[in-house]
Structures are given as structure tokens and as C-alpha cells.
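The values are calculated or read from the model by the stated rules, or taken from the named source; none is laboratory data. Model, not experiment: these values are computed from the prediction. Note that we place each Cβ from the backbone using ideal geometry, even for glycine, and neighbour counts take in every protein chain shown.
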Ligand SMILES: [Zn+2]
């Protein structure tokens, strides 16, 4: 008996990894279509509304659903308690857009959210078109079906607190229901039905993007997590995509503004220093130096702050139009002091008092001829008497012209940076660079690779399994 007990325990432990989170048949997925709305139009030839109290209402045609407050909606003059499930034998339309499955109306602080609940494979039919071109080779479409299916399962429940699994935007995966369906994509989904990439028995986090630019990147350099199957891999085939070469020009002022909106306050940026370069010349970290300070950030953060559609990837080289470094600032301010001792003393004391904005200081350093003009302006602003009384704080320390400069930094490091009042990014690739590159996968498919080989290449160490 003891032997059989041990054997059954061993068998049990052997079988555990194959029961992937209990997925042995096709799961359903719920997608938030319209979040926190006060009204919407639902249409079908014949549909039934089932409310939380057991009430049923049959409706035909277009029905306006309005929030009734207190976790209820008004449908055809009747008050229904949320959540309300809407079922139809045909397609259901939300604001004239068709969807498979059912709608579930859930409460959302004073309003309601329309959730589309449907089988996972039907969900994928409304997803793939936003990721790949249906005219691409069949194997890249199949690879995308596998990665999207796996991604959806791994991320399922992400919006659990709002009453659904995934949203319909690129926060999760863009989803557009029946309008996005295409026969070639449906075939790719059906021919990979239930196929999922697993890591340690769970659906892997199969991030994907448009074009890696030659090498994918370590997920750690983007989002910070250490995931063994999301490490850099080199694309085995060279390819051309619409993103093989792009450029993006931005002024240091605008760069500083966008960084500040993302919570990175360094003032107007005049220098960018690549700090860490990863495989494939991908810039992983940069130091941004501005009029208010300096900060080392991930290039991904820089990309998000500047705009992911403008700074298309983190594989870029950088050029600036010169500008200034601390060394230049010191030299410039020394020159200035030599020019006119009395004016410089007043200027320094005004600077100490904070009479100039950082932009004005920058402008003065770049355009020495404007200093007199700025001096007059500042004196007019503060009154000549203030300038006189502050003479006691006169110092010839040129650092004062740059009050918030980090003096501990060493100049040699900064000379590796690119300086300017305007920066030009020239790069290749599009997207975060983690996991499968769609254009790279297309090149593999064109070179005869099947979908199974493509996904194993991008997510090494994962296991491809058919769950149902
Ligand atoms: Zn989302």
C-alpha cells in the first residue's frame, strides 16, 4: 500500500505541470468595450436582457441603455439591476459595431461599463488585424495567433477590479470585434487552436512589437522584470520595414518639457549622454542634463516621455547642434567677468537672487551679446536699489552663473555626451523591442520557418503546448 501511495504521489506531481491553471477547454475572456458610460446603444434582431434580480426583458432593434444610478440601468423604460447580461442568437451591436458573444453591463461608480464576454478564440479574431497584415505569409499570422493567445491568457484578469479581464485598447491588446475579422487571420487562429507558450506550467508573458531593428531587448531594460525567456536575440534574417530608418528632431526646451510632464524635471535639456548600450546598438540608458539638473533614466522612459510614435525605438544614434557643457559655461562666464567687472558683479548677484529664469541664463551663455539687455531687464524688474544692496554677496565664483549645477560630476564623462539646443535622433525599428518582432517574424516566414520555430526562437525556454 505504501508503495502505491508513493507511486500515486509521484504520478500526481508529474501531472501537476500539465494542468495549466486548470485550462483544459477553451476559456472565455471578458473585454471592457465602453468604460464608465452613462448611455449606449445596443442593437440586435432579437435579444434578452437578464438582470441581477432575475428579471428578463426581450427587446428588438436598437435599444438605448441609460444609467439609472444605484447600480441599475434603464432599458425600454424598465429599471434593471446590474450586472445585466444581454444575449442574442445573432451578433450584438454596441453603438453600431458588431461583436460575438454576450454583453455584460457592470456597475462603474455612478455609471456603467459594457463588457463583451466571449470564447478566447473568437476574441482573437477581433484582435489580430491590428497586429499583422492579413496579406503576410501564413506562418507569421499563425505565430501572431499563438503569441496573442498566450499573451491574453497571461494577462487575463488585469482589469479584474473593474469587472473584466482586458481592455480593448493598446493598454492590453487593441480589440475591435467582428469589424476586424479577416478570413486569413481566422484560418491562422483556427489552425493553432489552443496552442499556447508555457513557462513553468503557466502561459508565458509573450510581449511582441513591430520591428526590433536587428536585435530584441532584455525585458529588464524596459520594464525592469527579470524574465528568462525575454532576453536579447539577434534576428536571423535581415529585413526592410517601413521603420528601418527614421529620424526625429526635437529642441532641448521641448525635450525638457516632455520629460517634466513625465515627472523627470531636469529643465531645458542641453546634453544627452548614452550611459548603457545593449546588443544591436540599442541605447538602454541615458543621462539627460538640463538647466535644472541631470538624471539617468532608461531609454524606454525617454521614449515614453517624448512620444512612442516619434521616438519609434531605442535603437538610435544621436546628434546635437553643439550647445554647451559645464566646461563651456565656466569658460563663458570667465570671459564675461573679464569683459566688465562691474556689470558681471551685478549680474552674478542678480543670479544669486534668482532674478533670471534658467532659460534666460542659458540664452545669455549662448549669446553673450544679449547679456546687457538681460541685465537691464532684470534691474528694471527688481529695481536698482535691490541690485546695490546685494553687492555684499558678490563673488567671482563663475559657478554662480549656474546655481544648480552638480559640481561633483566630472567633466570627462560629460564629453561623451551629445550637446545641443536641438537634438536629432536617427534610428531603426519600432516598438519596445521585447519578445517577437513582427517584421522579423515575417522575414523568418518568408525564409520557410514554420510558426512553431518562430515563436520558440523569440521566447527561448518556453514550451509550446496545445491546451484544448
Ligand atoms: Zn488594459
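Details
- Residue that is surrounded by the most Cβ atoms within 10 Å (Cβ to Cβ) [pool: residues in region 270-323 that are more than 15 Å from the chain's Cα centre (by Cα) and assigned to a helix (DSSP H, G or I)]: 280
- Members of region 161-186 that are touching a residue at least 60 places away in the same chain (Cβ under 8 Å), surrounded by fewer than 20 Cβ atoms within 10 Å (Cβ to Cβ), away from the ligand (no atom under 11 Å from the Cβ) and assigned to a helix (DSSP H, G or I): 178, 179, 186
- Meeting the requirement of 3 or more residues that are touching a strand residue (DSSP E or B) at 6+ places or on another chain (Cβ under 9 Å) and within 16 Å of the ligand (Cβ to nearest atom), the strands (runs of 3 or more DSSP E) wholly within region 57-160 are 111-119.
- Any chance residue 419 is in contact with a strand residue (DSSP E or B) (Cβ under 8 Å, 6 or more places away or on another chain) and modelled with pLDDT under 95: yes
- The selection criterion, being in contact with a strand residue (DSSP E or B) (Cβ under 8 Å, 6 or more places away or on another chain) and over 24 Å from residue 95 (Cα atoms), holds for residue 233.
- Taking the conditions (1) loosely packed, with under 15 Cβ neighbours inside 10 Å; (2) modelled with pLDDT of 95 or more; (3) more than 16 Å from the ligand (Cβ to nearest atom) in turn, residue 224 satisfies each one other than (2).
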